[in-house]
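Notes to accompany the following structure.
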Amino acid sequence: MTTQLWPLVVYGTAVIVLVAAMIGLSYALGERHKARGRNEPYESGIESTGTARLRLSANFYLVAMFFVIFDLEAVFIVAWAIGLMELGWAGYIEIAIFIGVLLASLVYLWRLGALDWAPQTGRRRERVTEDTA
């Protein structure tokens with residue numbers, strides 16, 4: 001058992017020593033100065049104005065998550081298309097169900113209003129204000 005583990009132990013030890021050496025050298029050789037503008041962000045010769053912390057709408061994050069989810073599912077469909085000949089009719093039925101679930105989830109998100117960027121207007125908003133009044 002030890003004859004099989006010694007390369008892993010040597011590798012782990014070498015990694016730890018190398019990381020410790022790099023951190024130690026950067027600490028020992030690094031510059032230390034305390035200028036007045038040391039901690040100020042500086043980009044392309046332009047001094048920063050304002051804060052970098054912007055409040056973004058949650059819609060940005062929702063659309064990003066939807067994009068990642070549907071993009072990942074597109075990868076599954078491409079993988080299915082590559083193995084189409086080996087999968088036969090069973091694979092075709094499975095991908096049809098998969099795409100059906102995708103379409104159902106997209107319709108659900110659409111009906112829920114998760115894809116709407118504009119403020120709600122019209123009858124839907126009037127109904128909400130009548131209920132609260």
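What to note about this one:
- The C-beta contact set for the range 92-116 (first residue touching a residue at least 12 places away in the same chain (Cβ under 8 Å) and surrounded by 12 or more Cβ atoms within 10 Å (Cβ to Cβ), second residue of a type in the set (Asp, Glu) and assigned to a helix (DSSP H, G or I), distance under 7 angstrom, 6+ apart or interchain) comprises Leu102/Glu73.
- All positions within the range 73-100 that are of a type in the set (Asp, Glu) and modelled with pLDDT of 90 or more: Glu86, Glu94
- Matching residues, the range 48-64, being surrounded by fewer than 11 Cβ atoms within 10 Å (Cβ to Cβ) and closer than 19 Å to Tyr108 by Cα: Ala58, Phe60, Tyr61, Ala64
The values are calculated or read from the model by the stated rules, or taken from the named source; none is laboratory data. None of the values given here were measured: they were computed from a predicted structure. Backbone-built Cβ (ideal geometry, glycine too); neighbour counts: all protein chains shown.
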